[in-house]
Structure formats: structure tokens, C-alpha cells
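The values are calculated or read from the model by the stated rules, or taken from the named source; none is laboratory data. Because the structure is a prediction, the values reported are computed rather than measured. A quick note on method: Cβ atoms are made from the backbone with ideal geometry, for glycine too, and the neighbour counts reach across all protein chains shown. Remember, those area values only see protein heavy atoms, side chains included, never the ligands or the DNA or RNA. Shrake-Rupley method; radii C 1.70, N 1.55, O 1.52, S 1.80 Å.
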Amino acid sequence: MSKIALITGASKGIGAAIAVQLAEDGYDIWLNYRSDDAGAHKTAEQIKQHGQQCTLLKFDVTDEKAVEENLSSLLEKKVPYIVVNNAGFTRDSIMMMMDSSDWNKVLQVHLTGFFNVTKPVVSRMLRKRTGRIINIASTSGETGVAGQTNYCAAKAGLIGATKSLAMEVAKRNILVNAVTPGFIDTDMLSELPVDEIKNTIPLKRLGTPKEVAGVVSFLCSDKASYITGQTIAVNGGIYT
Ligand code: NAP
């Protein structure tokens, strides 16, 4: 089994925490990000402190050609055991005010990005008859949120894609699961009223990126060998 994990959107936040956790678990990391060079290099340093290699892959997951250019030569030599589709962003507004570009951009990063990155890897995982794919969805995709029709549609779609792909590849021992974080303390929350939000969470606090990374680590471990097609919530009890 190759000890490589490919993580998208890992220059900061949840993706960076997952990359560092999987390095601690003994994986070399293929670290994708879009623009934050300083964040990506900082995460790479932390990975190296765990004695693992880090390959930085700067590309936009929505750009099919860029994904291919970055991954094809690497994939000729090695196939990651793990893919974590984490890259994402929000463009919130009520639907009456939302322009089509904000609708399309959000669907593209979460859904087309998942497709662009996963397809070339999973086709090679099938030959190896082993692998784990983890998709970072969101509580928003389970509950719906006013002001997030685009994001909720994308995340609900990602949960559907997770279940379908899990059925397609189970015969070859490839396990596909989604993780649905609630409110996690990252830059993504920078424009939200965090103190008000905390009161609505049964655990009365935000989650940490490390708490999401711990669940991803479990889903990639031998302990999770009979779990596929599932959606695992990490949300402080805000939705059950
Ligand atoms: P974050 O701190 O804003 O980090 C987002 C990451 O995604 C960055 O590394 C960013 O890269 C990357 N990214 C964005 N668009 C990209 C693209 N087109 N191609 C490649 N990389 C791209 O956000 P986060 O909170 O860690 O979120 C990570 C994931 O968790 C997202 O899918 C998000 O929807 C999900 N999530 C977050 C929360 C939360 O409360 N924070 C809750 C539920 C789900 P650069 O910065 O380098 O451009």
C-alpha cells in the first residue's frame, strides 16, 4: 500500500489540519492549494517535522486542465492511498440577490473540483484494489441554510456523489465517505457573528480543525475498514 495522501485546499484551516494529522499517521502528503503560498509552505514545514515528505501542488481544482497537468506525471509513478476533497469557499447571499457567477463558482469548487481530482486517482485505485476517499461536506448540506442555496446545494450534492461512488467502487475495496463539519474555527467563519453562533451549539463552542482531522484519520485507518458510503457529522451536536 502506498503511504500517500492527496488533500485539496490544504494551505490553511481544516485541510491543513488534515494534512498534518495524516503526516503524523505516517503518510507523505500531496498538498493542493490555490493561492496562499505562505500558508502552504507553513503546512509543509509541519508535515516535514513529522518526518514525512510534502509535495506542493498549486492549482485550482475547478480547472480540469490544471488538475491533469499537475497530477498526471505524479500518478504515472505513484497512486495515493487517500484522497481528501476539502477545497472550498462560500459566496453567501439570499437567492433573490445571488448572481449566476456566485451560484456557478460554488458548485464548481465543491462538485466539479471533486470530480476533476477524484476521477484520475480513482481509476488507478481500482487497479490497485485499495484506497480511501473522504469528501468534506457540511452540516449546511444536511439542514439547508437561508443565504446559502449555492453552498447547501453543492454540499448536499457532494453527499449524494459520495454515496454513489461508494457503491461503484466497493467491490474493489475502495471506501468512500463524507464528513460533515458544523461550525469550525477557520477563516471561513471570519464574517459570521461567532458569539451568537456559539449559543446555538449544544457544546457551546466552535469545533477545531484538528477535531475534523481526527475523524478523517479514523476513516482512513484500518479501524474503519467496514465503513463506506456514510456521512459522519462533526458538529458539536447542532444537528442530529
Ligand atoms: P478555509 O480556511 O477558507 O480554507 C479553504 C481552503 O480551500 C484553502 O486552502 C484554499 O486555498 C482552498 N481552496 C479554495 N478554493 C480552491 C480551489 N478552487 N482550488 C484549490 N483550492 C481551493 O476553509 P475551511 O473552513 O478550512 O474549509 C475547508 C472545507 O471544509 C471546505 O470545503 C468547507 O466548505 C468545509 N467546511 C467548513 C466549515 C467551517 O465551519 N469552517 C464547516 C463545514 C464545512 P488558498 O487559500 O490557497 O486559495
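For the reader, a short list of remarks on this structure follows.
- Residue with peak Gaussian network fluctuation, the chain [Cα springs, cutoff 10 Å], from Leu31, Leu192, Leu107: Leu192
- Value of Rg to Rh for the chain, rounded to two decimals, is 0.95; Kirkwood radius and Rg both from alpha-carbon coordinates.
- Accessible solvent surface per residue of the chain, calculated while the other protein chains remain in place, 1.4 angstrom probe, Å²: 49 Å²
- Report note on the peptides 96-103, 82-89: ranked by the mean count of other C-beta atoms within 10 Å, highest first, their order is 82-89, 96-103.
- Area accessible to solvent at Ile136, 1.4 Å probe radius, in Å²: 10 Å²
- Share of carbon and sulfur in the accessible heavy-atom surface of the chain [1.4 Å probe, %]: 51 percent
- Rounded to the nearest 10 Å², the accessible area of Cys220 at probe 1.4 Å: 10 Å²
- Each residue of segment 13-25 was assigned a 3J(HN,Hα) from its phi angle through the Karplus expression (A = 6.51, B = -1.76, C = 1.60, θ = phi - 60°), giving x, 5, x, 5, 5, 5, 4, 5, 5, 5, 5, 4, 7 Hz with x at Gly and Pro.
- Integer Hz, Karplus 6.51/-1.76/1.60 couplings in order for segment 211-226, x for Gly and Pro: 5, 6, 4, x, 6, 4, 4, 4, 5, 8, 8, 4, 5, 9, 5, 10
- Over segment 131-213: Rg over Rh, Cα atoms, Kirkwood Rh: 1.04
- Residue ranges 67-80, 6-19 sort as 6-19, 67-80 when ordered by packing (mean number of other C-beta atoms within 10 Å per residue, highest first).
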